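In what follows, a single structure is set out as structure tokens and then discussed.
Just so it is clear, none of the values below were taken in a lab; they were calculated from the coordinates. Just so it is clear, the model here is predicted, and its values are computed rather than measured. Methodologically, a virtual Cβ is constructed for each residue, glycine included, from the backbone with ideal geometry; neighbour enumeration extends over all protein chains shown.
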Amino acid sequence: MAMRRITVVGEEILGRRCRAVAESEFGTPELARLVDDMFATQEVAEGAGLAANQVGVDLQVFVWDCTDEWGTRHVGHICNPVLDEIPAGERELADEPEGCLSVPGPHRSVPRPDRAVVRGRDLDGSPLTVEGRGYFARCLQHETDHLHGRLYLSRLSARERRSALREMEDAKDGVFARRAERAARLGA
């Protein structure tokens, strides 16, 4: 596993839809290596999830390692994810703080459904369905957004987005320094 550079808001790859993992790519050492590297990168950066375009790869893949508010740890990966539409009567909107490894520093409240179901495939191409509630649901939605070229900033008002970007400019050097220190400690 190797740590990869995390892309930052403004880089072109974060603003466009990623390409689907092709049939010929499932089960390959290259795809497995990408997922391993993404887990290593996420650990160093202390994130809850990480999409492939956040490490400069144009591919519909994301990983997660997060603990929800009930103390359950969720760890996994998914390729070619599609979010199910949850009927309004089966979900509530939760307006909670959200951050992003590609927007180093700021957190802002973002309304999202408190339940998510995502369908896709695993590294070998087998069908995969993942359901989350609360913080884990937020993670699944946030990472799926990445693969569609959307950052959480796009869900904010223009004023709030400008404020977050100013805060990022002030905080990013410190965030990058902490990541470098943690990478050195972990030998990544």
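Here are a few things to note about the model shown:
- Being polar (S, T, N, Q) and exposed (fewer than 13 other Cβ atoms within 10 Å of the Cβ) holds for only one residue in Ser163, Ser102, Ser154, and it is Ser154.
- Region 113-124: number of residues that are outside any strand (DSSP E or B) and in contact with a Cys (Cβ under 8 Å, 6 or more places away or on another chain): 2
- Answer from Gly105, Gly149, Gly132 - the residue that is on the phi > 0 side of the Ramachandran plot and assigned to a strand (DSSP E or B): Gly105
- Scanning region 78-109 for residues that are in contact with a Pro (Cβ under 8 Å, 6 or more places away or on another chain) and of a type in the set (Val, Ile, Thr) yields a single hit, Ile86.
- In region 111-132, of all residues being within 16 Å of the chain's Cα centre (by Cα) and farther than 19 Å from Cys100 by Cβ, the one that is surrounded by the most Cβ atoms within 10 Å (Cβ to Cβ) corresponds to Gly120.
- Test: residue in region 45-62 that is more than 13 Å from the chain's Cα centre (by Cα), more than 15 Å from Asp145 (Cβ to Cβ) and not in a loop (DSSP other than H, G, I, E, B): no
- Exactly one residue among Ala94, Ala48 is touching a residue at least 40 places away in the same chain (Cβ under 8 Å) and under 25 Å from Arg166 (Cα atoms), and that residue is Ala48.
- Pairs with Cβ under 6 Å, 6+ apart, first in region 64-77 and surrounded by fewer than 17 Cβ atoms within 10 Å (Cβ to Cβ), second not in a strand (DSSP E or B): Glu69/Gly134; Glu69/Tyr135
- Single condition Asn80 does not satisfy, out of (1) among the polar types (S, T, N, Q); (2) in contact (Cβ under 8 Å) with a residue 60 or more places away in the chain; (3) under 26 Å from Ala177 (Cα atoms): (3)
- For region 20-38, the criterion of being acidic (Asp, Glu) and touching a residue at least 40 places away in the same chain (Cβ under 8 Å) is met by at least one residue.
- Inter-residue pairs, beta-carbon under 7 Å, first of a type outside the set (A, V, I, L, M, F, W, C) and in region 171-188, second in a helix (DSSP H, G or I), 6+ apart: Arg179/Val44; Arg179/Ala45; Arg182/Val44
- Annotation note: of Val63, Val8, Val21, Val35, the sole residue that is closer than 16 Å to Val175 by Cβ and of a type outside the set (Gly, Ala, Ser) is Val8.
- Scanning region 139-184 for residues that are among the acidic types (Asp, Glu) and more than 17 Å from the chain's Cα centre (by Cα) turns up Glu160, Glu167, Glu169, Asp170, Asp173, Glu181.
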